[in-house]
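None of the figures in this text is laboratory data; all of them are computed from the coordinates on show. Everything quoted here is computed from the prediction, not taken from an experiment. Ideal geometry is used to build each Cβ from the backbone, glycine not excepted, and the neighbour counts take in all protein chains shown.
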Amino acid sequence: MKVVVDQDLCISCGSCIDTCPEVFDWNDDDKADSKVDEVPAEVEEQAKEAVESCPTSAISEQ
């Protein structure tokens, strides 16, 4: 599973980082971004929760 953050939609609320810090972190523009190419199997559920909880639907699974 891969996740992508649409930088144009991200409002920097940090919900995804709070939910799954193993996958998401702040980038140089102070927006959330995926820090892994592939989501580790052991945190897939948390990553999916982060996708679903994003208030602007900026995160997508690929």
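Would it be correct to say that Asp30 is assigned to a loop (DSSP other than H, G, I, E, B), on the phi > 0 side of the Ramachandran plot and more than 9 Å from the chain's Cα centre (by Cα)? Here the answer is yes, as Asp30 does meet what is asked. A count restricted to the range 33-59 and to residues that are part of a loop (DSSP other than H, G, I, E, B), surrounded by 14 or more Cβ atoms within 10 Å (Cβ to Cβ) and among the small types (Gly, Ala, Ser) stands at 1. Could you please let me know if Val4 is outside any loop (DSSP other than H, G, I, E, B) and among the aliphatic types (A, V, I, L, M)? Criteria met by Val4. One residue stands out among those in the range 13-27 that are surrounded by 14 or more Cβ atoms within 10 Å (Cβ to Cβ) and either in contact (Cβ under 8 Å) with a residue 40 or more places away in the chain or in a helix (DSSP H, G or I) (or both): the one that is nearest to the chain's Cα centre (by Cα), which is Cys16. So which residues in the range 40-62 are within 10 Å of the chain's Cα centre (by Cα) and of a type in the set (A, V, I, L, M), if there are any at all? Once the filter is applied, which keeps residues that are within 10 Å of the chain's Cα centre (by Cα) and of a type in the set (A, V, I, L, M), the range 40-62 yields Ala47, Ala50, Val51, Ala58, Ile59.
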